[in-house]
Amino acid sequence: MAYDEITTLLGGWAGFEIRAVERTPGGTRTGAPQITIELSALPGHPRYCSRCGRATTEVHDVTIRRVRELPILDAETWLLVPQARVRCPDCGPTVEALPWLDRYARMTTRFADSVARLAQVLPVRQVAQWFGLSWDTVKRIDYSALAARLGPIDLTGVRVIAIDEFAIQRGHRYATTVVDPTTTRVLWVGRGRAREDVRPFFALLGPAGCHALEAAVMDMSEAYEQETRAHCPQAVIVYDLFHVVAKYGREVIDRVRVDETNRLGRAATHDRRTTAIRRVIKGTRWLLLRNRANVTRPADRVRLRELLAANRHLWVVYVLKDALKHLWAYRYPRAGQRAWRQWYGWAIRSRIPPLVAFARNLKRKLPGILAHCHYPLHTGVLEGINNTIKVLKRMAYGFRDDGYFFLKIRAAFPGIP
């Protein structure tokens, strides 16, 4: 078969034809064979300026460039391309434009696209090893492909948002994620979780977007709430069930468990029964924090019943945890208000200091809880996104470039159209 027929079948290199082909066994670092294809320019084929796109026939000079191409069978493939600098009437001497080779690129667009596609599902290091490229080269290709595919952040039509944080590095270093919970699209990612760290998102949203925002669901972070109210005073703040219950577990259940363990430890010197009760309570942190429906092992259920029967304070805070969750089940604010007053009364009358303190602090946040009646939103989508972010970090063994990492996050969650 003639070279021109092979070129046509393979897709070819517009403006060029094959002049010679050479195969070298074991010509690469990995020991794989290497194919070198020498191209020559087709006579009479129009040339175009890579800056203005103007056609011209004047050639300033020609340089032979060695360019990486997709492998042919088992062989690493290289092209020898005689690329001209055309004499453009408007731009002067300029490298000619080739549809299959970017300006000054050392690989064809087909090869770069293949690298970028593989980088979507594999870590950069593995892609680099597969193609015999450097880590920085693969990262640069993937970065450019992601930026071109995603484009600038588009925040038009955003009415509700969910804001949450995730750990980006060790040492309590965090980043903030803003998501549209209706489409699960990641709108924005930025390093930090302070007010000034979230401010760029609202600047990007713009005055019209801020005015159109109806609701924002978040944990009880003062920084997120204050910054949202500063830019979007009309937006309704909705507190997420998961974070409130998690805060209850840390500040109430955990505190009461530790206090009761210490109290019984002091009183257990000459009392065997107290010693036995302390032994039941000790080491039950995760059992108490777990939802009752998730306690499935018979041994854990027996231990939970014994624990709650042995200590009144733990029984009270455990029961009120389930009652607190029901506040997010109401769809009418008045019904939710009545349920809150009942729960608040139980908490205050319990006279358990951590529970009383938590209830009084939560009372100031009541509007954000009752707002769930009108906007039944939660950050469950964000928690799932955060889990995927952890997988991305583990696959890549960490990211050294925030911009690249945040593009990977946006690409993983483009949203439901």
(message) Under a Cβ-only charge scheme (Lys and Arg +1, Asp and Glu -1), can you give me the dipole magnitude of the chain about the Cα centre, in debye to the nearest 20?
(response) 3280
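Relative contact order, percent, of the chain when contacts are C-alpha pairs under 8 Å separated by at least 6 residues?
Numbers: 579 pairs, mean separation 50.2, N = 417.
Normalised by residue count, the contact order of the chain is 12 percent.
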(message) Taking loop as defined by DSSP and a crowding limit of 16 other beta carbons within 10 Å, which trypsin sites (Lys or Arg not before Pro) in the range 318-383 fit?
(response) 331, 351, 364, 365
(request) State the volume of the convex hull built on the alpha-carbon positions of the range 3-106, expressed per residue in Å³ and rounded to an integer. (result) 99
(request) Sticking with the crude label model, points 7 Å out along Cα→Cβ, report the distance from residue 42 to residue 391 in nm, one decimal please. (result) 4.6
(request) Quick one: which residues, 5+ away or cross-chain, put their amide H under 5 Å from the amide H of residue 238? H built at 1.01 Å from N. (result) 216, 217, 218
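List the longest stretch of the chain that has no exposed loop site; here a site is one of the GluC sites (Glu not before Pro) assigned by DSSP to anything other than H, G, I, E or B, with at most 14 other Cβ within 10 Å. Could the numbers behind the result be given before it?
Numbers: sites that count: 58, 214.
Here the longest run is 215-417.
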(request) Identify, among 327, 175, 313, the residue whose Cα sits farthest towards the positive end of the charge dipole of the chain, taking +1 on the Cβ of Lys and Arg and -1 on the Cβ of Asp and Glu, with the dipole about the Cα centre. (result) 313
(message) With n ≥ 4 as the cut-off for DSSP H runs, can you work out [θ] at 222 nm for the chain, using -39500 (n - 2.57) per run divided by the number of residues, rounded to the nearest 500?
(response) -14500 deg cm²/dmol
(request) Would you work out which of 246, 381, 343 lies farthest towards the positive end of the dipole of the chain? Charges go on Cβ: Lys and Arg +1, Asp and Glu -1. (result) 343
(message) Taking 0.36 nm per residue of sequence separation and subtracting the Cα-Cα distance, how much length would be gained by fully extending the chain between residue 400 and residue 335, in nm to one decimal?
(response) 18.4 nm
(request) Counting only chymotrypsin sites (Phe, Trp or Tyr not before Pro) that are in a DSSP loop and have at most 16 other C-beta atoms within 10 Å, tell me the longest site-free stretch of the chain. (result) 105-396
(message) Take residue 90 and residue 57, extend 7 Å from each Cα along the Cα→Cβ direction, and tell me the distance between the two endpoints in nm.
(response) 2.0
(message) Can you give me the distance in nm between label points at residue 80 and residue 140, each placed 7 Å from the Cα along the Cα-to-Cβ direction?
(response) 2.5
(request) Consider the candidate values (i) 25.1, 86; (ii) 31.7, 105; (iii) 26.2, 118; state which one is Rg and Dmax of the Cα atoms in Å computed from the structure displayed. (result) (ii)
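Rule-based calculations on the coordinates, nothing more; no lab input. These numbers were taken from a predicted model, which means no experiment stands behind them. In this analysis, Cβ positions are derived from the backbone assuming ideal geometry, glycine residues included, and neighbour counts consider all displayed protein chains.
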